[in-house]
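Since every read-out is calculated from the coordinates, none of them should be taken as a lab result. It should be emphasised that the depicted structure is a prediction, and the values quoted were computed from it without experimental measurement. Glycine also receives a Cβ, built like all others from the backbone with ideal geometry; neighbour counts cover every protein chain displayed.
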Amino acid sequence: MSCALPVPYVKIDKDGVILVRSQKAKELLNQNTETIQDCFDEESHNKLMKYMVPFKGEKTFEANIKGKDQPFLLCDVSVSWEEDFAHVVFIPTGNQVQGLEEKLLELRMRLSTTDFELFEKKEALEEALKRLDELSGPFIPISEKMAFVPLFGDITESKMITVTGNALKAAYEGQFEEIFFDLSATGEIDENGVQKLSELFRMLHYMNGKPVKIIGVKPKHARQLNSLNVNWPVYFESSLKDVLIEHLQIGKAPQS
Amino acid sequence: MAISDAEKLARLFLDGNHAEALRFIKEQPNQNKMVLFRDLFTPAMYMIGDLWENNEISVADEHLATGVCDFVLSRLFQVSSEETRRKKKAMFLCLQGEQHYLGIKMINSIFEDEGWETKYFGASLPLEYALKSALQWKPEVIGLSVSIVYNLPVLKNYVRTLGALPNKPDILIGGRLAEKYDLEPYTNNQGIIIKNLEQAEKWLEEYREERVNA
């Protein structure tokens, strides 16, 4: 009966002598194996011996098996004891680990060709780029109620993520009524950048209760901002100069 | 019980935490490479082997730890690219089918520090490639690593073939098995068995002295 089991199975006595083996076990193991020890790679013997004393229930462990076709085959080995006999099932897991081994090999090849000086330069460069992003959208308080954020260079997703973090923090700490974003020094705006920009404006709107104002929009930007069907939660003003003049006049008005 | 530094390192390897492992090594008070290899890297990797034997981790975990350890070694002890003409040459390889290459990677690194020009072939190099490379490059030393018992018969073949090269290189034999078993029968009286890092260092010292005296 046990011969027809669909897995490699052996029954052994307490000395490890193999009494019965399933057809699958015959296919897996060397023919001249007489004891269970013969089936295991020498380096797995210590592990095997821990399961050769009768215990209750069943236990499973990984071990390397000497296979008929492969001298070194990783298997999950399950053991259960029934008085003086043990039932042992081998489930080869070599194939599952093989994928992992191949990945590791790739990684190793990659490692051996990696120039770590270059690698470290690349890391330093990434750090510098992040710093550049931080500096490309400084949050400048002009007065207690007014803040000014010029956006320098191209507007990309990564830059906007960095700028957003800084701007929200500054807006939270100050009590600004008006926040101006200046696009005068802005280059290209890509699609993901626009998305992040509109998110930032929306967040600032909710925080302040007032929409932000955009100044210095060039015709090119107007087209890009409009092309994306974003419902901009902002007001547009023409330039910083006009805004400041207007504010200064309001400030001056009561005196005159 | 406080856990040892080697055990801490082993856990970082098993967690796949290469950044923390790098920092941990850089923070060691003694930055001598030999000491780091002997007291931290080697015991950490042996510990990982023991954990497998105790059924606490799987082969997949071991693979991850190996990859992380390799990365940390590569990152910290980069092969120097300076083009000074070095006089002595050594090549290092694992026998075909051998995947345990970290030990010989460390040995390779120690030879480089000693001013040797080295070729490191890493895991599983078939004998024919080793032979071809050694014929062309003519190294004074060829280091072999063996960690799996069923590979032992192959070792004999490697030693015999490489030992018979016209320039008569010294064949060093190391790896995990060298410490556990007597490899003498597999060396054809041609190989020098190196059981651990200390023995490698000692061999290098003696080699240096012979050169000075010669």
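Below is a table of values for the structure above.
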{"quantity": "Cα-derived Rg over Rh, computed across the range A:80-205 with Rh taken as Kirkwood radius", "calculated": "1.41"}
{"quantity": "Whole-Hz couplings from phi, Karplus 6.51/-1.76/1.60, listed for the range B:126-138; x for Gly and Pro", "calculated": "x, 4, 4, 5, 4, 5, 4, 5, 5, 5, 6, 8, 6"}
{"quantity": "Inter-site label distance for A:Leu240 and B:Asn167 at 7 Å from Cα along Cβ, in nm", "calculated": "6.9 nm"}
{"quantity": "Shape metrics for the range B:122-193, restricted to C-alpha atoms - Rg then Dmax, Å", "calculated": "11.4, 34"}
{"quantity": "The range B:56-214: radius of gyration and largest Cα-Cα distance (Dmax), Å", "calculated": "15.5, 53"}
{"quantity": "Spin-label model distance (nm) - B:Glu56 vs A:Lys220, 7 Å beyond Cα toward Cβ", "calculated": "6.2 nm"}
{"quantity": "Sequence-distant residues sharing a close amide H with A:Ile189 (under 5 Å, placed H)", "calculated": "A:Ile155"}
{"quantity": "Neighbouring partner chain Cβ atoms per residue of A:45-56, average, 10 Å criterion", "calculated": "1"}
{"quantity": "Approximate spin-label separation A:Lys59-A:Arg110, in nm, with each point projected 7 Å along Cα-to-Cβ", "calculated": "3.8 nm"}
{"quantity": "Shielding by other protein chains, B:56-64, mean Cβ within 10 Å", "calculated": "4"}
{"quantity": "Efficiency of FRET from Cβ geometry, B:Asn30 and B:Arg211, R₀ 30 Å, rounded to 0.05", "calculated": "0.60"}
{"quantity": "Between the range A:178-193 and the range B:87-127, the alpha-carbon center distance in angstrom", "calculated": "55 Å"}
{"quantity": "Alpha-carbon centroid distance for the pair the range A:77-131 / the range B:168-214, whole angstrom", "calculated": "31 Å"}
{"quantity": "Binned Cα-Cα distance frequencies in the protein assembly as shown - 20 Å width, integer %", "calculated": "19, 34, 24, 19, 5, 0"}
{"quantity": "The range A:2-94 - Kirkwood radius from inverse mean 1/r over Cα pairs (Å)", "calculated": "12.8 Å"}
{"quantity": "Efficiency of FRET from Cβ geometry, A:Asn192 and A:Asn46, R₀ 60 Å, rounded to 0.05", "calculated": "0.60"}
{"quantity": "Whole-number Å³ per residue for the convex hull built on Cα positions in chain A", "calculated": "259 Å³"}
{"quantity": "Over 21 Å between alpha carbons, listed pairs A:Lys213/A:Lys241; B:Lys88/B:Lys132; B:Lys8/B:Lys180; A:Lys24/A:Lys66; B:Lys89/B:Lys180", "calculated": "B:Lys8/B:Lys180; B:Lys89/B:Lys180"}
{"quantity": "MRE, 222 nm, helices only [DSSP H, n ≥ 4, -39500 (n - 2.57), over the protein assembly as shown, to nearest 500]", "calculated": "-14500 deg cm²/dmol"}
{"quantity": "P(r) of the range B:5-76 over all Cα-Cα pairs, binned every 5 Å from zero, in whole percent", "calculated": "3, 18, 31, 27, 13, 6, 2"}
{"quantity": "Exceeding the 18 Å Cα-Cα cut-off - candidates A:Lys121/A:Lys159; B:Lys87/B:Lys168; B:Lys138/B:Lys202", "calculated": "A:Lys121/A:Lys159; B:Lys138/B:Lys202"}
{"quantity": "Note, ³J(HN,Hα) from phi for the range A:164-179, Karplus 6.51, -1.76, 1.60, rounded to Hz, x at Gly and Pro", "calculated": "4, x, 5, 5, 5, 5, 5, 5, 6, 6, x, 10, 8, 8, 10, 10"}
